[in-house]
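Below is one structure, written out as structure tokens; the observations come after it.
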Amino acid sequence: MQRPHYSNIPPAHSPPLHHPVPQHVSTVPQLRSPPPPAPQPQQSGYGYPQQQQGAGGGYMQPAFGGFMNDSTAQMGFQVGKSAVMAGQEYVEQNLNRYVSMSVLKHYFNVSNSYVVNKMYLVLFPWRHRPWSRQQRMSSNGQDGYFLPPREDINSPDMYIPVMAFVTYILVSTLIAGLRGAFRPELLGVTATAAFVVVFVEILALKLGCYLLSISNESQLLDLIAYSGYKFIGVIVTLVVSEVVNRGGGAGGWVGWTVFAYTFLANAFFLLRSLKYVLLPEDSPHSAGGAMHTVARSQRTRRTQFLFIYSYIVQLVFMWALSRQETGPKVIRA
């Protein structure tokens, strides 16, 4: 039995399709977060600006999620600030027992032009005039005080000696590294050796000043400053010798020539500069307002002591510092 075949003949007129149309129109509200409350005007002690209203009426979130506006955080910051200030005050009070901070700041009152001119004076002191330090009278017209280094090229400072001390340590270890003889403990060894040289030199100077009855209000700080100028000549000797000798050290005729010149220049500089400390002139308007009178025999002994310190003592110490950079040689198998 066969099924009848039906052909898929579309109807002549198809009914139109109709989409459902809503009969009641409802408006769905747009959900928005409420604006944050306006922050109270507070002044932050740590440099964080208050958040301002952004463009388009929007608001920016406060820094650190509002952590800076927390009362507990503000209290912690205040406690930390008070602790730091108390520690600083404690250090200043204990340090003032040994040295006055105002006097110490005097030795670091330098300028760029002073540093350049002072280093030039230490290396080329031959034609410099005058060597006396400049003074300024106080308001009462009787007491006088020395000008700071910024205003007087002949005034001793501590900026150049400290920087030269650190530079000497770095240059010595750098040269040892270029030779393949660098060790981590070489920094400490070089710094200790340089410190011992300065300490022994200051101790010898203080002993000589005590035996010769030399007194000065700022004598110790002046002597410390003058003892550090030798590092300039030592650094020049090390660098020039290393460049010319190509790793041969400070030996050879070039190294000894540079060393001899820097030693003589430093000795001449100290001989002229320390004259006002060891051989004060008879002046009623000297710093401190006291008249210094030195007998002829005492003046002769002071002159001899100044010569020994400027030439013999400096020769020994500068030679020791110049040889410090050699270090142990690397033994190759």
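The values are calculated or read from the model by the stated rules, or taken from the named source; none is laboratory data. The structure presented is a predicted model; accordingly, all values stated were derived computationally and were not measured. Cβ sites come from the backbone with ideal geometry, for glycine too, and all protein chains shown count toward neighbours. To get the accessible areas, we keep the full protein, side chains included, count just its heavy atoms, and leave off ligands, DNA and RNA. Shrake-Rupley method; radii C 1.70, N 1.55, O 1.52, S 1.80 Å.
A few notes on this one:
- Charge context of Val313, other residues only, Cβ under 14 angstrom, K/R +1, D/E -1: +1
- As a calculated quantity, the FRET efficiency between Gln78 and Ala191 at R0 = 30 Å, using C-beta atoms, amounts to about 0.15.
- Distance (nanometres) between label positions extended 7 Å along Cα→Cβ at Leu220 and Val239: 3.3 nm
- Here the extension length gained between Ala181 and Ala320 equals 48.2 nm, from 0.36 nm per residue of separation less the Cα-Cα distance.
- Where Thr257, Thr190, Thr167 fall by accessible area, highest first, once all protein chains stay in place (1.4 Å): Thr257, Thr167, Thr190
- Relative contact order of region 112-266, defined on C-alpha pairs under 8 angstrom at six or more residues apart (%): 25 percent
- Per-residue HN-Hα couplings for region 158-173 [Karplus 6.51, -1.76, 1.60; θ = phi - 60°; Hz; x = Gly/Pro]: 10, 5, 5, x, 5, 5, 5, 4, 5, 5, 4, 5, 5, 5, 4, 5
- Whole-Hz couplings from phi, Karplus 6.51/-1.76/1.60, listed for region 193-202; x for Gly and Pro: 5, 5, 5, 5, 4, 5, 5, 5, 5, 5
- When Tyr120, Tyr226 are compared by accessible area at a 1.4 angstrom probe, the order from most to least is Tyr120, Tyr226.
- The largest-to-smallest principal axis extents of the Cα set in region 159-215 are 50, 21, 14 Å.
- Karplus-based coupling profile of region 222-234, in residue order and whole Hz: 5, 5, 4, 5, 5, 6, x, 6, 5, 5, 5, x, 5, with θ = phi - 60° in 6.51 cos²θ - 1.76 cosθ + 1.60 and x standing for Gly or Pro.
- Residue separation of Val103 and Gln304 scaled by 0.36 nm, minus their Cα-Cα distance, works out to 69.4 nm of gained length.
- Region 196-236: projected area of the alpha-carbon convex hull, averaged over directions, in nm²: 2.9 nm²
- Residues Thr192, Thr262, sorted by accessible area with the largest first, give Thr192, Thr262 [1.4 Å probe; ligands and nucleic acids excluded].
- Diffusion coefficient, µm² s⁻¹, Stokes-Einstein with Kirkwood Rh over alpha-carbon pairs of region 112-172 at 10 °C and 1.306 mPa s: 118 µm²/s
- Rolling a 1.4 Å probe over the protein heavy atoms leaves His106 with an accessible area of roughly 50 Å².
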